[in-house]
Amino acid sequence: MADLKIAIIPGDGIGVEVTAAAWEISLAAAAACGVKLSATTFPWSCDHYIETGSMMPADGIETLRRYDAILLGAIGWPAKVSDDVSLHGLLLRIRKEFDLYANVRPHKLLPGVQGPLRAGNIDVLCIRENTEGEYSGAGGRVHRGTAEEVAVETSVFTRNGVERILRYGFETARKRRKLLASVTKSNAQRHSMVFWDDVTRELSTEYPDVEVRSYHVDAIAARMIMFPETLDVIVASNLFGDILSDIGAAIQGGLGFAASANIDPTGRSPSMFEPVHGSAPDIADKDAANPIAATWSAAMMFEHLGQTELATTIFEAIGRACSRGIGVGSPDSRYGTRHITSEILFEIAR
Ligand code: IPM
Ligand code: MN
């Protein structure tokens, strides 16, 4: 029997509620599929920062390395700790230190879920570069507080970094509808983005079965809303992918439905799975958060760990629960975290 060891970092705000729900559902599905799961929960969060002066202990990365995968809720509570400190101290640090270079975000409209668009069939997969680009961290700020103040934030695009994420995009498209949209802004940014377009063109000769199109980020943002059914796999840089995946979340019914996987495709480090949404302090502890994004992320984790039956069991239970009409987990809906969780549990037990 497979025995999977998962590190859970609930984090802040609704991260705590949604990871608890996702794990409860995971355990029920695992029991049904004969998979053994064990979890260690790490209380690394903004409260932990206030108590200890850091988001995670000095050996936190080494500790996480001993697990098969990481399930994360959400990080950030700006009234307690400034976001740039909390995010760089934990989430962005894990992505970088484990070289989780592929951030995979499915934007699929589930049956029964009412999205904001007329389009009935939305099934877009956003692949976001996750270790460099606009999030490289290269830069600085001088002459603080004076009229001469300067802030520089340099994007870094390396051949290794660009090639591996594009390759991941081509490989993923090959397993789906064989349509790849490569996103840049090469009409304005003529170094990094023209480079990205060049590498896209170079690699395309290795994937003649995949139809690749290059889009400017502004144009594809509009296309995701006007004609989402024309898109299959989207591959984009770190910041562009971040923004486009919020559009993706919106068109699939809201951030409460948007799951994500931070993957190290080499398998050297544990991959990390988290909902796209943040910690939402305003609705924390109100039983208002939709647990579907976190639960779907857990399903992606089991898929990544080779537990296809377990992943499918969870994903199909979410789908059946939604098609019965629960898929409206917005804060103002009457369906709260507990209600949606019990509906999914009911579908697993069936
Ligand atoms: C996301 C989030 C993060 C990001 C923030 C919280 C740093 O928006 O995962 O999409 O920009 O990557
Ligand atoms: Mn984001």
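Please treat every number below as a calculation from the coordinates, not as lab data. Just so you know, these numbers come straight off a predicted model, no measurement behind them. We place every Cβ from the backbone using ideal geometry, glycine too, and count neighbours over all the protein chains shown.
Computed from point charges on the beta carbon alone (+1 for Lys and Arg, -1 for Asp and Glu), the dipole magnitude for the stretch 48-163 about its Cα centre is near 380 Debye.
Classify the stretch 218-350 as rounded, prolate or oblate, taking a ≥ b ≥ c as the square roots of the eigenvalues of its Cα gyration tensor: rounded when a/c is under 1.5, otherwise prolate if a/b is larger than b/c and oblate if not. Note, shape of the stretch 218-350 comes out oblate. Roughly how far apart, in whole Å, are the Cα centres of the stretch 296-319 and the stretch 80-105? Answer, in whole Å: 24. For a straight C-alpha distance cut-off of 12 angstrom, the aspartates and glutamates reachable from LYS5 (same-chain residues fewer than eight places away being disregarded) are ASP68. Rounded to the nearest 20, the Cβ-based charge dipole of the chain about its Cα centre (Lys and Arg +1, Asp and Glu -1) stands at 700 debye. Extension gain, ASP282 to SER82: 0.36 nm times the residue separation minus the Cα-Cα distance gives 70.4 nm. Centre-to-centre, using Cα atoms only, the stretch 1-55 and the stretch 223-292 are separated by 19 Å. Note on the chain: dipole from Cβ charges, positive end direction compared against GLY325, VAL156, VAL183; the farthest Cα belongs to GLY325. Helices of the chain meeting both criteria, an alpha-carbon length of 15 angstrom or more along the long axis and an average Kyte-Doolittle score not below -0.5, with helices taken as full DSSP H segments, are 14-33, 192-204, 238-251, 292-304, 308-321, 337-349.
Available extension along the chain between ASP246 and ASN160 is 28.3 nm, counting 0.36 nm per residue and deducting the alpha carbon span.
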